[in-house]
1. Taking segment 32-48, which residues are charged (D, E, K, R) and surrounded by fewer than 16 Cβ atoms within 10 Å (Cβ to Cβ)?
2. Determine, yes or no, whether ILE6 is crowded, with 16+ Cβ neighbours inside 10 Å, over 9 Å from the mean Cα position of the chain (by Cα), of a type in the set (Val, Ile, Thr) and modelled with pLDDT of 90 or more.
3. Can you tell me which condition ALA82 does not meet? The list is (1) modelled with pLDDT of 85 or more; (2) part of a loop (DSSP other than H, G, I, E, B), and all the others hold.
4. Restricting to segment 17-52, what's the tally of residues that are assigned to a loop (DSSP other than H, G, I, E, B) and either at pLDDT below 90 or under 20 Å from ASN73 (Cβ atoms) (or both)?
5. Go through (1) free of Cβ contacts under 8 Å to residues at least 12 places away in the same chain; (2) touching a Gly at 6+ places or on another chain (Cβ under 7 Å) for SER27 and report which single condition fails.
Amino acid sequence: MTMILINGRHLAVGSETKIHIYDINRSELVKVLAGHDGLLRDLLLCSDYNTLISSSDDKSVRIWNYEKGVSWNVLNGHTHSANRTIVFNK
């Protein structure tokens, strides 16, 4: 399980094949991001505080707009599980 505090208000929790977004001030689930078919391995928050990147046993990496709740890009083609996510900023 991977957890990331997004903006001091939302917590992203990778669990099984989905990412759950919680409002920590209200203690409630506000959104579920679904799209992976395999177990989530890693979750990363980009420096814009709006983009999440997830990697999974389904051999894909997904790029998410967490506020809209959509995956706007899927990187397929890995021959094995995508275990780690790293972003290099300039």
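The values are calculated or read from the model by the stated rules, or taken from the named source; none is laboratory data. Treat the numbers as computed from the prediction; the structure is a model and nothing was measured. Cβ placement follows ideal geometry from the backbone for every residue including glycine, while neighbour counts extend to all protein chains displayed.
1. ASP37, ASP48
2. So ILE6 does not fit the description; no.
3. Only one criterion in (1) modelled with pLDDT of 85 or more; (2) part of a loop (DSSP other than H, G, I, E, B) is unmet by ALA82, namely (1).
4. Number satisfying all stated conditions: 11.
5. Here SER27 meets the rest and fails (2).
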